[in-house]
Amino acid sequence: MYFSGGTGFIASHVLDCLLDFDFDVVVTVRSQEKGQRILESIDETLRKRTTFVVVDDVAKEGAFDEAVQSNPPFDFVIHTASPYRFTFDDPVRDCLDPAIKGTTGILHSIHAHALTVKRVVITSSSAAMLSPANHPKVYDESCWADITWEQAMNPHETYRASKVRVASLTRHHTLIEIPQKFAEQAAWSFITTYKPSFSLATINNTYTFGPIQRTLTSLDNLNTSNQRICDLVQGRMRAGIQPTAPVFTFVDVRDVALAHVLALTKQDAGGMRFYVVSGFFSNPRLAEIIRRRFPELAGRLPPEEEVEDDFPKDHWWFDNARSRNVLGLEYRRLEHSVVDTVESILRFESEDRGDRDWRKWRWSRLGK
């Protein structure tokens with residue numbers, strides 16, 4: 001199978017899950033060095049089932065044309081390559097083009113050059129569903145975010161827009177900026193327009209916690225969702241817990257990874273979005289779990305009596321029944337995810353000081 005975006009936080013765990021399911025995997029990376037790092041981080045017994053190809057610019061027209069051609073040919077594709085940060089210097093260059101053109105580009109390449117592919121799974125986000133200015137009582141897969149292209153030019157809204165902004169599709173991959181539809185829908189519009197031989201599923205995961213990825217070289221490059229846990233562990237909130245808003249829902253990265261693989265292999269998953277969300281959290285709740293389970297870290301946290309939960313009393317609800325019923329997901333609880341995340345951060349800090357070779361330890365095996 002073909003897998004784009006192999007060095008990211010979620011992608012790292014998806015790769016582990018694919019190998020656990022005995023897939024042979026070709027991974028897309030942006031440089032030779034990143035590809036080699038992935039191979040070196042994998043157990044030697046599994047390396048023979050993993051290779052990589054370099055695609056240095058996923059937004060470039062035809063970027064995936066050669067990569068999706070294989071002998072033997074591919075049966076499945078997972079596309080996770082998309083930037084995720086809270087803010088961007090150049091919204092179009094740094095986020096919107098890689099997210100939107102990367103998604104439509106790989107679909108065009110598969111349609112033209114990989115006719116054996118049966119199912120494509122794309123990593124979307126709950127950002128494609130949430131409407132902060134007008135929350136419904138319950139979110140499910142029928143919900144789409146209410147954001148325009150003009151709002152996407154605000155660097156703080158760019159990531160959300162990259163997941164919900166739709167491009168009008170042409171045979172030349174042109175992105176026409178007409179802010180009249182929503183956006184992960186660029187992929188769904190492709191299916192409607194071209195009626196390819198493959199089916200599509202998307203994974204709309206919320207804030208994602210869990211053990212840090214195998215290929216991480218510095219905690220400075222930690223994924224955005226885990227950053228708040230790292231800040232607590234490293235004492236950056238000792239003077240006071242930062243507000244949790246705007247998102248109070250979480251999921252464990254290992255459940256997200258499994259959702260991708262099950263969406264490939266479950267026949268009924270084709271043509272569906274999946275809202276992958278486990279439950280609710282707040283920064284004070286994270287601190288409480290860390291204080292109770294890691295008492296040696298209590299000195300890095302604010303005094304317990306000064307911490308007040310900021311979870312809203314009138315918060316909306318979510319419906320994740322489709323992911324449980326169709327995919328069969330059984331979600332990890334918040335404490336399980338937080339404990340494993342903290343342990344992986346502490347282990348990384350220890351290994352970063354030279355106590356052991358971090359590449360010999362597979363992060364995703366924590367808590368299995």
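The values are calculated or read from the model by the stated rules, or taken from the named source; none is laboratory data. What you see is a predicted model; the values in this text were computed from it and never measured. For neighbour counting, all protein chains shown are included, and Cβ atoms are generated from backbone atoms with ideal geometry for every residue, glycine included. Ligands, DNA and RNA are excluded from the accessible area calculation, which covers all protein heavy atoms including side chains. Shrake-Rupley method; radii C 1.70, N 1.55, O 1.52, S 1.80 Å.
Residues checked against (1) among the polar types (S, T, N, Q); (2) more than 12 Å from the chain's Cα centre (by Cα):
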| position | (1), (2) |
| --- | --- |
| VAL251 | no, no |
| ARG254 | no, no |
| ALA263 | no, yes |
| LYS266 | no, yes |
| TYR275 | no, yes |
| GLY279 | no, yes |
| ASN283 | yes, yes |
| ALA287 | no, yes |
| ILE290 | no, yes |
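It is to be established whether one or more residues within region 33-42 are part of a loop (DSSP other than H, G, I, E, B) and exposed (fewer than 13 other Cβ atoms within 10 Å of the Cβ). Checked against the condition, which is being part of a loop (DSSP other than H, G, I, E, B) and exposed (fewer than 13 other Cβ atoms within 10 Å of the Cβ), region 33-42 yields no hits at all. Counting only residues that are at pLDDT below 95 and open to solvent by less than 30 Å² (accessible area, probe 1.4 Å), region 47-63 holds 5 of them.
Taken together, GLU40, GLU33 contain a single residue that is touching a residue at least 40 places away in the same chain (Cβ under 8 Å), more than 21 Å from SER70 (Cα to Cα), of a type outside the set (Ser, Thr, Tyr) and out of contact with any Leu (no Cβ under 7 Å at 6 or more places or on another chain), which is GLU40. Reported count of residues in region 242-279, each being of a type in the set (A, V, I, L, M, F, W, C) and closer than 14 Å to GLY328 by Cβ, is 10. In region 299-336, which residue that is of a type in the set (A, V, I, L, M, F, W, C) and under 21 Å from the mean Cα position of the chain (by Cα) is farthest from ILE289 (Cα to Cα)? The extreme case among them is VAL326.
Among the candidates ARG353, ARG362, the residue that is out of contact with any Cys (no Cβ under 7 Å at 6 or more places or on another chain), modelled with pLDDT under 95, open to solvent by less than 60 Å² (accessible area, probe 1.4 Å) and farther than 27 Å from PHE318 by Cα is uniquely ARG362. Is it true that THR244 is touching a helix residue (DSSP H, G or I) at 6+ places or on another chain (Cβ under 8 Å) and modelled with pLDDT of 95 or more? When the stated conditions are applied, THR244 passes them. Hey, among the residues in region 281-315 that are out of contact with any helix residue (DSSP H, G or I) (no Cβ under 8 Å at 6 or more places or on another chain) and not in a helix (DSSP H, G or I), which one's surrounded by the fewest Cβ atoms within 10 Å (Cβ to Cβ)? Selected residue: LYS313.
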